[in-house]
Amino acid sequence: MGRIVNRIAEPKKDCPDYDEVIECQGVTMPFIPHIVTPKIEKAMRNNRYEGGEAKTLRALVRPGDRVLELGAGMGLCASIAALSEGVEAVVAVEANPALMPVIRETLRLNGAERADLRFGAVDHASGPSCRFYLRHNFWASTMEPDSRPYHEVVEVPRLGLNDLLDEVRPTVLQCDIEGAELSLLSDPDVDLSGIRLLILELHPKVYGEEGVARLTGTLAARGFYRQTDTWNSSTVQVFAPQDGVRQPLEGSLMPTRRYRTWPLQEPRVMVATCMKDEGPFILEWLAWHRAVGVTDLVVFTNDCSDGSAELLDRLDDLGEVTHLPNPALAVEGDAHFQPRALRYTHYLRTLRDADFFISMDVDEFINIRDGEGRLTDLFAEVGPFDAISMSELNHGSNARRDFERGWVTEQFPAHQTPKPGKRKAKRGVKTIVRLSPRVARLRNHRPDFMPQIGPVLWLDGSGRYLSELQRDDEANGADARDAYDRVVLEHYPLRSLGSYLMKARRGDVVVANKSVSNRYWRTRNQHAFATSSFNPAQVARAKAEYARLMADERLAALHEAACDFHEASIEEIRRWPEMIERERWIFENAWREDVAGEQPADDDQPGTAGG
């Protein structure tokens, strides 16, 4: 613990005596041994001290710029900026009182006295003085005490960043403040308008991989993107706003378009899905997600026999969905229905107009636990992000043998454990993707991001940083432990036994000539818990949406016809020998009766990777 000075530090006006100067990066600086430690001296004599910042400033600053530097150090960058041709103004801020006279001397030695020097620590708002922790190497001194040992604490003036931005009106903001940039620049209230360049020294040793992702992701959401071609090991990175139409990076399938910045007013949220013979369940699912805040739904179908295609055509006529034939049908022998549909989605105008994208299935329901259950409530709580992966919570058959008309979300409330043990923690996800030039490709469970742009701000259903999907491009699931606090993907893969048999008859919606197995039933028929509930306001909105849809007589008739078809088909297929055998096996091996009753141990719950 260092010595605490309970007064505002007053920087000396005169530089301490010195006998030597060191020229580094073309700037002359006084060598004062009790300030310039051996580690810093070595960097200066090797011409490496603030090399990244110096090189970047010289390359990018231009006539008319106004430069605001946070963390002036010894005045090297302030001198470079002040001596750059045509630069209109330079304001440098430093919180270490011992460095103030040294910076003035550096400016004097280089004829750069016109730079305006301010003393204080930059914070979210101006106010009372704050503690500043001095460390052996001055470049490690900060406003926080925990990252490294310190030898002294002083009180320094607190300078609000927005106040500085309002006064200086910088076009270039250079920032080297030992980790404080994460909090300051992630603040949505900080006004970055008018800034054409952010030159940031990142500090992953202070805030780790998650901090880098939060900072770069937040800046990207506000329209500031990295300007180098590849993410490299350098901690000095340049970000610039990209206004107007942005070309995607090479290797991206995303369209050329205008991407809006955070915060988004009335965001457009697009869902794409594939369906086959899902007629009885379409209107509930549509009403639910309209009430959640989905604005655009694109449905691809193939080989429907239950009236789903006709029902979706009517919804298309009413402007409720876009119904398209699956593009795999156009290629003889192509059985990859879902991958082809998602690939084609990149070329749709609906995607060009959207702010967010979700790929999901008709047996999946988004359950938002923030606010009144809207997507905008979730977005307001978690703040800017690149992706939110929602972990599935599988609902079993709830011991229902027969298909019955009614809402799936009401008939099957019981589900697998929401608190899995470590061995069974990995569960499938579906992902809310914020569309931006950072996205390379949309996939069913998760997107791919451009490797050039560095860490993305990828969150789980509790709003926590999620790294595992970034590290493994093939992963479609994630650790679901404690991942259900803000949003849950309520998954109803079985519904009743009768509907499961119908699903087996229909075949897989993802790949042709593939059907669900007995194992599919056994691993998903989990219903010992009934703790997950829906927001009453969300349910009320969904009911109102459903009533609105059913008010269309033709649509209501098509819905009833689909239900009739399912009832008749299930009665028929239950007489097929293979279905008789399948039902017998289920009743003997996997017909669990402990519906929201006896609760097995957490590690008895199987993990699933999708539906």
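The values are calculated or read from the model by the stated rules, or taken from the named source; none is laboratory data. None of these values were measured; they are calculated from a predicted model. Note that we place each Cβ from the backbone using ideal geometry, even for glycine, and neighbour counts take in every protein chain shown.
Brief remarks on what is shown
- Of all residues in segment 276-323, those satisfying the criterion of being surrounded by 24 or more Cβ atoms within 10 Å (Cβ to Cβ) and in contact with a His (Cβ under 6 Å, 6 or more places away or on another chain) are PRO280, VAL299, LEU312.
- Tally, over segment 412-427, of residues that are under 15 Å from LEU489 (Cα atoms) and either surrounded by fewer than 20 Cβ atoms within 10 Å (Cβ to Cβ) or not assigned by TED's automatic domain parsing to the domain that holds ASP482 (or both): 3
- ASP334 at pLDDT below 95 and at positive phi: no
- Segment 462-495, residues that are of a type in the set (Asp, Glu) and over 15 Å from the mean Cα position of the chain (by Cα): ASP472, ASP473, GLU474, ASP479, ASP482, ASP485, GLU490
- Filtering segment 145-179 to residues that are at pLDDT below 90, surrounded by fewer than 16 Cβ atoms within 10 Å (Cβ to Cβ) and either under 28 Å from ALA240 (Cα atoms) or within 29 Å of the chain's Cα centre (by Cα) (or both) leaves only ASP146.
- Residue match in segment 301-310 (condition: under 20 Å from TYR546 (Cβ atoms) and of a type in the set (D, E, K, R)): yes
- Per-region count, segment 484-521, residues crowded, with 17+ Cβ neighbours inside 10 Å, modelled with pLDDT of 90 or more and among the charged types (D, E, K, R): 4
- LEU435 vs. criteria under 22 Å from LEU264 (Cβ atoms) and hydrophobic (A, V, I, L, M, F, W, C): yes
- Of all residues in segment 242-257 being part of a loop (DSSP other than H, G, I, E, B) and of a type in the set (D, E, K, R), the one that is modelled with the lowest pLDDT: ASP243
- Residue in segment 90-105 that is touching a residue at least 12 places away in the same chain (Cβ under 8 Å), among the small types (Gly, Ala, Ser) and part of a helix (DSSP H, G or I) present: yes
- In segment 82-97, the condition of being over 20 Å from LEU184 (Cβ atoms), modelled with pLDDT under 95 and in contact with an Asp or Glu (Cβ under 8 Å, 6 or more places away or on another chain) is met by at least one residue.
- GLU410 meets all of the listed conditions (1) in a helix (DSSP H, G or I); (2) over 30 Å from ALA561 (Cβ atoms); (3) more than 19 Å from the chain's Cα centre (by Cα) but one, namely (2).
- Residue selection: THR106 fails the criterion of being among the polar types (S, T, N, Q), touching a helix residue (DSSP H, G or I) at 6+ places or on another chain (Cβ under 8 Å), modelled with pLDDT under 95 and crowded, with 16+ Cβ neighbours inside 10 Å.
- Which listed residue is under 15 Å from LEU497 (Cα atoms) and either under 39 Å from the mean Cα position of the chain (by Cα) or surrounded by 15 or more Cβ atoms within 10 Å (Cβ to Cβ) (or both), from GLU578, GLU583, GLU571: GLU583
- Flag for ALA59 being under 21 Å from LEU198 (Cβ atoms), under 42 Å from the mean Cα position of the chain (by Cα) and modelled with pLDDT of 95 or more: no
- Test: residue in segment 368-391 that is within 25 Å of ALA590 (Cβ to Cβ), in contact (Cβ under 8 Å) with a residue 60 or more places away in the chain, out of contact with any helix residue (DSSP H, G or I) (no Cβ under 7 Å at 6 or more places or on another chain) and surrounded by 23 or more Cβ atoms within 10 Å (Cβ to Cβ): yes
- Beta carbons closer than 9 Å, at least 6 apart along the sequence or on distinct chains, pair a first residue in segment 121-132 that is over 19 Å from LEU185 (Cα atoms) and touching a residue at least 12 places away in the same chain (Cβ under 8 Å) with a second that is polar (S, T, N, Q) and surrounded by 15 or more Cβ atoms within 10 Å (Cβ to Cβ) for PHE132/ASN96; PHE132/SER141; PHE132/THR142.
- Pairing each residue of segment 348-363 that is in contact (Cβ under 8 Å) with a residue 12 or more places away in the chain with any residue that is charged (D, E, K, R) and assigned to a loop (DSSP other than H, G, I, E, B), provided the two are 6+ apart or on different chains, yields C-beta distances under 8 Å for ASP353/ARG268; ALA354/ARG268; ASP355/ARG260; ASP355/ARG268; PHE356/ARG268; SER359/ARG443; VAL362/GLU278; ASP363/ARG495.
- Some residue of segment 394-407 being surrounded by fewer than 23 Cβ atoms within 10 Å (Cβ to Cβ) and within 14 Å of HIS491 (Cβ to Cβ): yes
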